[in-house]
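Just so it is clear, none of the values below were taken in a lab; they were calculated from the coordinates. Predicted model, so just to flag it, every value in this text is computed and none were measured. Using ideal geometry, Cβ is built from the backbone for each residue, glycine included, and neighbour counts are taken over all protein chains shown.
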Amino acid sequence: MVSINPQKLTGDWNEGFVLDFHTISSMLVGYDEFGHEVFDTKRSELGELLYKLKYRSDKSVLNDILDCVIEFLRREWEIVDSLDIIVPMPPSNTGRRSQPVIDLATGISTRTGISLAKDALVKIKETTQLKDIHNYKERVDVLQDAFKSNKSVTEGKSVLLLDDLYRSGATLNVASRVLRHQGNVKAIYVLALTKTRSKS
């Protein structure tokens, strides 16, 4: 079983957790032939698996990640029986062949029996890549009116809002507000797999 270091997340939701840091350390070791910085990056165990899934399209790690997530949901957080639907965060990079958050949400749904609601929250506006914006308020401004909630799917439901990588919390906060105000949900529980060490 993957070892994790769960931490509470505070925001516009009822309760939230991130399972571990994404990286443990990252040191500049030089430059490549194009002048780009090259880093020696050490990731957490879960961070390494997520990196392989997200950036190497290696689906062989999916079951190990799911084992870890399900164990946490059932034995540590103990919220499986309180949840009505799983809502994956809409992907920021729609050009990616497979979407890690959708794959993970599908796996959690299959293993727990909680309904997957892919259309409960949809992105309706293209936004710039948030990793290039370091100010929290600017991130929130960029995300205004970017999401729409499907009230017919979410009304009165307890929702697990799932994301893979937590940076500043801007995206999850904006999404939670949309689910609460447009979607009229009963409760929001946030789960992110890993988080960056900085808030950017």
Set K42/K157; K54/K118; K118/K195; K125/K195, cut-off 28 Å on Cα-Cα distance; pairs above it are K42/K157
Between N63 and E37, the two model label points (7 Å from Cα along the beta-carbon direction) sit apart by a distance in nm of 3.9
Projected onto the charge dipole of the chain (unit charges on the beta-carbon of Lys, Arg, Asp and Glu, signs +1, +1, -1, -1), the Cα from I79, L116, I65 with the largest positive-side position is that of L116
Subtracting the Cα-Cα distance of K123 and M27 from 0.36 nm times their residue separation yields 31.0 nm
Only helices counted: for the chain, with every DSSP H run of 4 or more residues adding -39500 (n - 2.57) and the sum spread over all residues, [θ] at 222 nm is -8500 deg cm²/dmol
For L161, other-chain or 5+-apart residues with amide H closer than 5 Å (H placed, Pro excluded) are V87, Y189, V190, L191
Sparse-neighbourhood loop hits (trypsin sites (Lys or Arg not before Pro), the stretch 39-81; DSSP loop; Cβ within 10 Å at most 11 others) -> R56
